[in-house]
Each structure stands twice: as structure tokens, then as C-alpha cells.
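The values are calculated or read from the model by the stated rules, or taken from the named source; none is laboratory data. Because the structure is a prediction, the values reported are computed rather than measured. Counting neighbours? That spans all protein chains shown, and the Cβs are built from the backbone with ideal geometry, glycine included. Ligands, DNA and RNA are stripped out before the accessible areas are found, and what is left, the full protein with its side chains, is counted by its heavy atoms. Shrake-Rupley method; radii C 1.70, N 1.55, O 1.52, S 1.80 Å.
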Amino acid sequence: MGPCLSETELISRFFNFNIPGQWPTQGIGDDCAIIQVGNRRLAVTTDTVASGTHFLPNADPYTVGKKSLAVNLSDLAAAGADPRCFFLALSLPKSDSSWLEAFSRGLYECAKEFACPLIGGDTTKTAKIGHSQAPFSITITAIGEVERGLTRQGAQIGDDIWVSGTVGDAYLALMLRTGQWTGTCDSYLAAAMDTPVPRVALGQFLSHFATACADISDGFLKDLGNILVRSNVGAEVYVDRLAVSPQLARRTQEERRQAQLAGGDDYELVWTAPESARQRIIDYAQKCQENGQPLLLTRVGKVVSSGLKLLNNDGGEIQNTFYGFDHFAQENV
Ligand code: ADP
Ligand code: MG
């Protein structure tokens, strides 16, 4: 067995083939690949959700179905794409009809809401190997259409950094459900973890002027970090400006920071935009009410030339000991 690699290392070392193709594309490294086909531009993404990694083995299949598509539509949202269709590949240990009925209902509801039909896929039965459980995963490939196509590249020095919604709630839910933190996972937190709503309309709005965008699947710092690396810039982030839910606000500062900076699974968007776009963003937030309130869009920092500084409200620097999620980072192996 060779040494273990991080997710980023393994992709760049073994799967960055760099073969020139017939279709001009934006290579590996963004939430979606952007493909120019004739005079149209497609955004394509694929994401797997696996039992034990992305959903707890006893999770409600209805929410697993909904979330499987939602996480893919969230990548389309990060590209500013309008969802068009998707493929579904199922790897199942058994064909349990009640599980499948609820799963397909959840999947259908998300597909219907975003007018995104299922147009193909693959179904495989998986087998047990020794005493370990048979693999159980759902892979979706989603295709959308873009005018321009937002990527993680393009953030400019001096740009504002913005985040939608409250981040950290899905991580709080996970910590409470797995008993790692004490307290109860209420219905708001359960929904944050089980049925995230992809920010499709917001992504399309941002595609007209944002300089870079990513969805927050692996944690705010990791996903902002992806923008900084791809754009070859740095950032100053005022961490206490990150919008916080009442549930997370009640936790200790340590827990709150852990959940907001490193916790994944939020499926909010983080983007950079020039200062000149501020009023446009504020007006949009006012126009798009959510639960009777303006949409929560928060300016949390600035793009600088290099490095990542985390600051508290007084401008004091916070030691950055928070990391987002890497599937193959040493601590997760
Ligand atoms: P996301 O979290 O938005 O799905 P990731 O950060 O996981 O994206 O992936 C980073 C980039 O690496 C994406 O462009 C993705 O398409 C690409 N990628 C991930 N795994 C592989 C792989 N096995 N082969 C080729 N590209 C990959
Ligand atoms: Mg993504």
C-alpha cells in the first residue's frame, strides 16, 4: 500500500489528464465544469452521497432522496446555472421497495421544484465483502445551462466576500445527533442537515456580476479557500460577522466557530464581488423574502493579495486552527 493522499492531492496527481478535447471546457477544480457546445454553455457536476459518510445508516430515505439531488443542484447554483436534467446511478445492497418508494418521493419533489427531469442512470446491486457492509451510494450527475458560468476563479483584490444564509447549522445537527455535543436536534436543525435548499435563484442572480463563487459543502473555510487558491489571492474574514442561527448562537464560542468555519453540509453560497455591487446585492436581499424576512446575505470580508486572516470584531487576529472537510485528510482516514 502506498502513502495516503488528501482529496486534492489525489485528484491533481492521478486524474488531471490534461488531454485537449473537442469541446472547450473549464478544467477540473470548480463546482461545475463549464462546457461550450456550439453557442450554448452547459454546467455539469457529479456528486455521490454514501451511507455512513453523507447520511446516517438509519436516515429517512425521503430526505436522502431530496438531499442527493439538492447537493448537485447546489453545485449548479455555484456556477449560476439553470438546472436542465440529471442522471441517477444507484449502488444498493438490496432492492427494498419501501426504502425506494420514500427515496424516489424525496428525489421527485426536489426534481419537480427545480423543473429538472431525470433522464437516465444506472442501477447496481452491491455485495458484502467479508464482515463489512455492502456499499450503498447514490451518484447524481446534473446538467444546467449558463450564460457566462461562475467558477472559483476570478476573485479580485479589493472585492467583498459574501455568504448566504446561516452557516454551521448542519454541523450542529450532526454533532447533536451523534451525541458528540449535548443538546437536542430540533426540527430547524434537522431540516438544515436533511433537506438543504440549493441556492439556485441566488446563483443565477450572482452570475451577472460576481467574480467567483462556490457552494459551502465542505466547510466555509475550505470552500472559501478553494476560491482563494483558484483565484491566486488571499482574504481577511471577520468571523463574527457570519450570520448565526439562534440555535448556534446559544453554543460556546469554540463550538460556534468550529461549526461555522469548518463544519460542512450547509449548501449556502460564498462569493466575491466588487464593492460597486453592494447596493445591488442589498436590494436583491430585500426583494427576496425568506420566512417573512429579507434574504440573509452577509458581507464578511475582503479579498487581499495573499494569505488568509481571520479577524474578530475588534480587528484582532484569531489563530486559524479550523479546517474544512477533506475526505482523505489524515484525521478522517
Ligand atoms: P464539490 O465539493 O463542489 O463537489 P470538490 O471540491 O469535491 O467539488 O472537487 C473539486 C474539483 O475536483 C471539482 O472540479 C471536481 O469535479 C473535481 N474532482 C473530484 N473528484 C474527481 C475525480 N475523481 N476525477 C476528476 N475530477 C475530480
Ligand atoms: Mg461544490
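Below are the figures for this structure:
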item	result
Considering residues of the stretch 15-44 that are open to solvent by 100 Å² or more (accessible area, probe 1.4 Å) and not polar (S, T, N, Q) only, the residue farthest from ligand 1 (Cβ to nearest atom)	40
Leading residue by the ranking (farthest from ligand 1 (Cβ to nearest atom)) among those in the stretch 230-248 that are of a type in the set (A, V, I, L, M, F, W, C) and either in a loop (DSSP other than H, G, I, E, B) or closer than 15 Å to residue 154 by Cα (or both)	244
Inter-residue pairs, beta-carbon under 7 Å, first within 14 Å of residue 199 (Cα to Cα) and in the stretch 279-294, second in a helix (DSSP H, G or I), 6+ apart	284/205
Residues being loosely packed, with under 10 Cβ neighbours inside 10 Å and away from ligand 1 (no atom under 12 Å from the Cβ) - total across the stretch 3-14	1
Residue 236 modelled with pLDDT under 95 and open to solvent by 40 Å² or more (accessible area, probe 1.4 Å)	no
Single residue of 134, 191 found to be out of contact with any Phe, Trp or Tyr (no Cβ under 8 Å at 6 or more places or on another chain), farther than 24 Å from residue 322 by Cβ and in the same structural domain as residue 30 (by TED's automatic domain parsing)	134
Residue pairs meeting the criteria (Cβ under 6 Å; at least 6 apart or on separate chains; first over 17 Å from residue 273 (Cα atoms) and open to solvent by less than 30 Å² (accessible area, probe 1.4 Å), in the stretch 196-210; second assigned to a helix (DSSP H, G or I) and not hydrophobic (A, V, I, L, M, F, W, C))	198/74
Residue 53, sole failed condition from (1) more than 13 Å from ligand 1 (Cβ to nearest atom); (2) under 23 Å from residue 106 (Cβ atoms); (3) touching a residue at least 24 places away in the same chain (Cβ under 8 Å)	(1)
Test for residue 54: is it modelled with pLDDT under 95, open to solvent by 40 Å² or more (accessible area, probe 1.4 Å), within 16 Å of ligand 2 (Cβ to nearest atom) and out of contact with any Pro (no Cβ under 7 Å at 6 or more places or on another chain)	yes
Cross-chain or 6+ apart pairs with Cβ under 6 Å, the stretch 3-20 first and closer than 21 Å to residue 222 by Cα, then away from ligand 2 (no atom under 16 Å from the Cβ) and part of a loop (DSSP other than H, G, I, E, B)	4/333; 6/328; 6/329; 7/328
Odd one out for residue 116, checked against (1) modelled with pLDDT of 95 or more; (2) in a helix (DSSP H, G or I); (3) away from ligand 2 (no atom under 16 Å from the Cβ)	(2)
Tally, over the stretch 147-173, of residues that are more than 15 Å from residue 245 (Cα to Cα) and within 16 Å of the chain's Cα centre (by Cα)	4
Test: residue in the stretch 67-90 that is open to solvent by 30 Å² or more (accessible area, probe 1.4 Å), under 24 Å from residue 154 (Cα atoms), more than 16 Å from ligand 1 (Cβ to nearest atom) and within 21 Å of the chain's Cα centre (by Cα)	yes
Whichever residue in the stretch 8-49 is within 16 Å of ligand 2 (Cβ to nearest atom) and touching a Phe, Trp or Tyr at 6+ places or on another chain (Cβ under 8 Å) and, among such residues, is modelled with the lowest pLDDT	28
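Quick grid of which residues meet (1) within 23 Å of residue 67 (Cβ to Cβ); (2) charged (D, E, K, R); (3) under 21 Å from the mean Cα position of the chain (by Cα); (4) open to solvent by 20 Å² or more (accessible area, probe 1.4 Å):
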position	(1), (2), (3), (4)
246	no, no, no, yes
253	no, no, no, yes
261	yes, no, yes, no
272	no, no, yes, no
279	no, no, no, yes
282	no, no, no, yes
289	no, no, no, yes
299	no, yes, yes, yes
